Structure formats: structure tokens, C-alpha cells
Amino acid sequence: MPLRLDELRRALPRHLQERLRSVGRSDVSGTGPIVYWMRSCLRGHENPALDVAIHASAALKVGLVVFLHVEDQYPHATARRQLFLLQGARSAQEELLQRGLSHVVVHVDRNSSRGVHRMLMPKAQLVVAEEPFCVPWLRGIEELRSMGGPLWLVDCASVVPCALVPQAACHRAYAFERATEALHQQLAPRLWQEVQPEGEANAPLDWALPRTLDLQSQHLEALMKDMDVDHSVAPVTHTCGGSSEGYARWQAWVNAGGLKTYAKRRNESLDVHGVSRMSAFLNTGMVSPMRIARLAFAASGAGKGKFLNEFLTWRGLSYAHFYHFSMPATGATLAQLPSWAQQTLLQHEGDQRKVIPVHQLRAARSGNAAWDGMQQYLVDTGELHNNARMGWGKAVLKWTDSPQAAIDVLIELNNVFALDGHAPPSYGGLLGCLGLFEGPKQESAVVGKVSYKPPKSKYAAMPEVARELLKCDVQVGGIARYFAA
């Protein structure tokens, strides 16, 4: 007899129920396994989607298959990003096996092998996947929904689950902060309740699983070279992917006093160690935002309040916004902006401006020394300080022939080079350059009522800052010590 999914959901612990969105068919039947499609949450710890899948496996008394999938052929996929993801997937595979899960299938899309998930998913009683939030994850979920089976989407990225945030509080930071303050005080210090797999998770399957890759024994660079990505954007050697690498960066920053001095230093974009530089690990799910919030909450020092405000409010706002106001699977558009911003930008679309081809911008040849310094830093390091990124992005609005072109160019520049791209905090920052999360300001040519400040001249020095960063940066098992100073 089919089991209704709402019964299964009610049996979940509350902290998992709050993160779950059920789409597709409302009942489960048959003898197939639970399949967890792991794509954007590359960790085996504090992973809400994995915990939901383990609970479902135990309740239905069927096996659990974790399908760890590293995809290619998505917009702005590069060798830089793919190697980082492969390193993260290798770490996640090791964690999954350490948790005692037997049915772990690792698949890397590449020219010689692609589309394995389309054969696996229809065999599942229930598919559990991460809440997609944005491109490039939306298209895969659309494809999965078209198969017609039961599907649970789980928010793995937020400290306060996005479903608990009122939709009306997702347009401005002050409204989000006010709406979530009590929940953050309650949830930020809370230990995550890890779920241990029971015998059912490893129950024998009545069909053969797809071949799995052992990433521990693979040459990741060789694997990456067979992927359909832009190989002209080389990996960065100073930042390696993986959970242990991410937590090592966090701990080194805290040990060096970074959290204590955060309030004084975080606004200085040339002080690269004034901020945690954790966004790439957070945005790819390699480290747990719940753990980072918990560690910061338990810390001492004058800077922790400012850090938690930035981390919980601005990061949480971006996820909640794209949860409630989803972008199209084809990419962000002008429609993602508030109506006042859409209106003012379209009113000024015909204003005279200097249009700079995107290939010149990618090569840091805009002719503006400050902007070129920021772009070169991004190209060299795969990072850009949030304050610098805002000035960098607003300048592009004046150098493109339409507001939609500005969005497209900003997304290309960011997602091609930045390790933290393809995630709500990045999209929130980029669209923030065109008025998202802002209010109207004094009107001027081209940008209308969108706030604008030209890039600061000091940013011309950022390539030299990048060279210093690359000298002293470290990763575990890696490349010198993270904080030489």
C-alpha cells in the first residue's frame, strides 16, 4: 500500500521538517531505494539533505543510495571551478564512507561519460536533493520534476531555514534582520543533531548500481581535463577544495585574531586577512554554515557581533530571497530587481555611455586603473572582497549597452573567475549593484536612481596585494602556512 509523503515528513525531527519542500508525487510505493542526489552540498557532516534521506531510508526500510554528482556543461563552467569542486567531492566521498554508508556512487560528468543520473533516478521510491536556489542547479531539478516521481528538496545552506522567513522580509537587510533575529539567537548556537545510518541504509539492492569513481585514487587534474568546461581559466593553487581545507582556513583566521579584529578591518578591501575568505567553501557546501555560526557565536572578542551580523543577515537574506523569488533556470533577468530599479534603469537605457566589450573587461583592460586592478585580482586569486566587488560591479552598469547586458556581463565576469560564484550570495551581490536590497537614491545618467560610486583609486594596487596573498596563503597538506604574518 502506498505511503503518503506527509506521513513520512511528520516523522522527521522538527529541525529537518523546517528545511524540507515536497514537490512531485505525494506518495511512495514499490521497493526501490531512497536516492540522495548530492550536487551543491559537498559535505558528509551537518548535511540536512543527507540526514533526511537517512531518516526516510529507516522509515521505509529500504536502502539508501548517495549519488554524488559533479556536473559539467553548465553556464560559465571553468577548469578553475571544476578542480575546486572535484577536491570538495573527494573530501565528501571520504566522509560518506566514514559514516558507514555502503551505496555511495560518485559520478563525474565528462566527455566519456554523462547522463548516468537519468538511469538511476527513476528507480528510486523517493529522491532527496538540495534546494536549488539558483542557476546552475535549477535545470537539474526541473528535469527531475519532469520524471514525475516523489521529490524532496532540502535547504542545506541557511542557518534559519528559508521557509521560516516571511516573504515580505526578503527585500531589505533591516527587514530580514528584524524578522529573523529571535530565530538566529535560538538556532546559531545550537549543536547539529547528526543522524547515524541504520542497517536499512545499507540493505542489499536488487539491481546493480552504476560504476563509481574512487576520487581518492584519481588524478583530479586529468579527470577535469576530460570535462566540457572552459579550460582557459586555470585553477588557483592557493585555495584547495574540501571540508578540512575550509575549516583549516577558518581556524587559521580565528587563531590569528581575525574574528576579534573583524569590525575594525572588514571594510578595508586591501586588508585581505581582515575577512575570513570562507565564501567559496560555504557557497559550495563544503563547510557547514551552522557550524561557522555556532563557532562564531561561542567566540569572544569585539568583532564577533559584526561578523555574525554580516554572516547571518546578508548571507541569509540572499538565500531567502532566491528561495521565495526564484530566478528562471535560464539565468537572472531584470525581473529579479525591485520594480523601482527596473523602472529607472529602463528609463535611462538610452542614455549615452561608453560600452566596453566583455573580452576587454575579462582581460582587465577597461582603461580604468582602479577597476582593472580589481578585475586582475579576481583573475589571479579567484576572490574579490565584498566592498570592492560592489564598486567593481556598479562600474560595469555604465559600460554595457542595457541593464540586462550589465547583469549578463557581471554574472559572466564573476562566475568565470570567482570560486564563490554560482550561489545566492554572489547573485545577491551582483544584482545589488543594480538595486537589489537597496532603495532609490538621487537620479543620475545611465544608472538612474541606483546608487553609484566610482571605483576607489587605491584599488589599482590590488594586483600587488594578490601577489602578497599568493606568497603566504596556505591549505592543509598544501602550500606553506596560511598566515605567515
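The values are calculated or read from the model by the stated rules, or taken from the named source; none is laboratory data. What you see is a predicted model, and the numbers here were worked out from it, not measured in a lab. Glycine also receives a Cβ, built like all others from the backbone with ideal geometry; neighbour counts cover every protein chain displayed.
Data for the structure
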| quantity | calculated |
| --- | --- |
| Residue in the stretch 315-325 that is in contact with a Lys or Arg (Cβ under 7 Å, 6 or more places away or on another chain) and not β-branched (Val, Ile, Thr) present | no |
| Residue match in the stretch 40-47 (condition: assigned to a strand (DSSP E or B), more than 25 Å from Thr330 (Cα to Cα) and either of a type in the set (A, V, I, L, M, F, W, C) or touching a Cys at 6+ places or on another chain (Cβ under 9 Å) (or both)) | no |
| Some residue of the stretch 251-260 being closer than 22 Å to Pro424 by Cα and either of a type in the set (Val, Ile, Thr) or at pLDDT 95 or above (or both) | no |
| First in the stretch 276-298 and at positive phi, second anywhere and at pLDDT 95 or above, Cβ under 7 Å, 6 or more apart | Arg277/Arg249; Arg277/Glu383; Gly285/Ser40; Gly285/Cys41; Gly285/Leu42; Gly285/Arg43; Gly285/Cys156; Gly285/Ala157 |
| All helices (runs of 4 or more DSSP H) inside the stretch 322-438 with 2 or more residues being crowded, with 21+ Cβ neighbours inside 10 Å and of a type in the set (D, E, K, R) | 386-397 |
| Residue tally, condition within 30 Å of His55 (Cβ to Cβ) and either of a type in the set (Val, Ile, Thr) or without any contact (Cβ under 8 Å) to a residue 40 or more places away in the chain (or both), over the stretch 212-240 | 1 |
| Residue check for Val108: of a type in the set (A, V, I, L, M), under 21 Å from Pro210 (Cβ atoms), without any contact (Cβ under 8 Å) to a residue 40 or more places away in the chain and surrounded by 24 or more Cβ atoms within 10 Å (Cβ to Cβ) | no |
| Leu86 aliphatic (A, V, I, L, M), closer than 18 Å to Glu200 by Cα and within 20 Å of the chain's Cα centre (by Cα) | no |
| Any hit, the stretch 146-158, residues being touching an Asp or Glu at 6+ places or on another chain (Cβ under 6 Å), among the acidic types (Asp, Glu) and under 30 Å from Val379 (Cβ atoms) | no |
| Positions within the stretch 180-201 being farther than 11 Å from Glu46 by Cα, part of a loop (DSSP other than H, G, I, E, B) and at pLDDT below 95, in sequence order | Gln196, Pro197, Glu198 |
